[in-house]
Amino acid sequence: MIRRAPAWRIGRRRGKLIFNTFAYAALIALLVLFLFPLLWIVGLSFKTRMQVFASPPLFIWMPTLHNYAAVLGTGAFPHAFVNSLVISAEAVLLSICVGVPAAYAFARFRFAARGPLFMSLLVMRMLPPIAVLVPMYVLFSKLGLTETRISVVLAYTTFSLPLVVWIMRGFFEELPRELEESAWVDGASRFAAFRYVVLPLVRPGLVAATILCLLLAWNDFIFAAVLTNDATRTLPVLMASYSGDVGVDWGAMTASCVLVVLPVILFSFAAQRHLVAGLSSGAVKG
């Protein structure tokens, strides 16, 4: 004989099912809301000029690759892509190579003005880029570095370096000193202990700092617009050139936008596991 569940238990199950249904529906609605601008841009990149300005907007149409062919076929986009890739990679590499040892020094050593110097990094990061743009331009002009990749790399490093130091200091402070002391006892130097013991343990923080620095350098417009020329301009500056006196080439602009965003999204997904661990661990501790 099969025993039926009590009525109150059946009612609780139904209530829980209804609650879960509404919760998932709300989450899906929020996801669609947040992804709608990106999906709209992707849709515009597959439309012709007439379809872009159609009223009412077209939600069903025959996609075309004309915009992507026009963007990739001019030669300006590949050149700007190489500039962005080289500048971003150099800025990230310089920020990590300088910021990680600096964060280790702040976490492990006690020296004069340690607190004020560390707080000055935060103040430097809080400054809006426009506030230091003119002084940087004058400085780079005196050094003969304007309209070069080096000037943009140094400008990006100025703002990404404090971010690396603040993120990585939390990771280094979480590691027990006994790990390094054990390596010293075994004959390793301080640098060897740092290289082979400490760095592998803070890999999530390194990935998180790398991605954040990459986003800052890859998406920046203001420094690249002032410190570069046609030969060294980056992708954000190139995208702005699709807006002219006669109007905006929405097809080319949205196609280039998709091509700019796609590499960062793919890289973030590839490093997602380390990124989540990094942002939820030492990155939120001071």
statement: Restricting attention to the stretch 24-52, the residues that are free of Cβ contacts under 8 Å to residues at least 60 places away in the same chain and assigned to a loop (DSSP other than H, G, I, E, B) number exactly 1
field: So Trp218, is it surrounded by 14 or more Cβ atoms within 10 Å (Cβ to Cβ) and either in contact with a strand residue (DSSP E or B) (Cβ under 8 Å, 6 or more places away or on another chain) or closer than 28 Å to Pro135 by Cα (or both)
entry: yes
task: Name the one entry in Val153, Val71, Val92 that is surrounded by 15 or more Cβ atoms within 10 Å (Cβ to Cβ), within 23 Å of Val202 (Cα to Cα) and either free of Cβ contacts under 8 Å to residues at least 24 places away in the same chain or not small (Gly, Ala, Ser) (or both).
output: Val92
- request: Return only the number of the condition from (1) surrounded by 13 or more Cβ atoms within 10 Å (Cβ to Cβ); (2) modelled with pLDDT of 85 or more; (3) within 22 Å of the chain's Cα centre (by Cα) that Leu121 does not satisfy.
  value: (2)
query: If we keep just the residues of the stretch 74-89 that are open to solvent by 80 Å² or more (accessible area, probe 1.4 Å) and closer than 19 Å to Asp220 by Cβ, which is nearest to the chain's Cα centre (by Cα)?
result: Leu85
task: With the condition kept exactly as written, say whether any residue in the stretch 223-239 is open to solvent by 40 Å² or more (accessible area, probe 1.4 Å), out of contact with any helix residue (DSSP H, G or I) (no Cβ under 7 Å at 6 or more places or on another chain), at negative phi and small (Gly, Ala, Ser).
output: yes
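The values are calculated or read from the model by the stated rules, or taken from the named source; none is laboratory data. This one's a predicted model, so the numbers in the text were calculated from it and none came from an experiment. All Cβ positions, even for glycine, are placed from backbone atoms using ideal geometry, and neighbour counts span all protein chains on display. Surface accessibility is based on the protein's heavy atoms, side chains included, excluding ligands, DNA and RNA. Shrake-Rupley method; radii C 1.70, N 1.55, O 1.52, S 1.80 Å.
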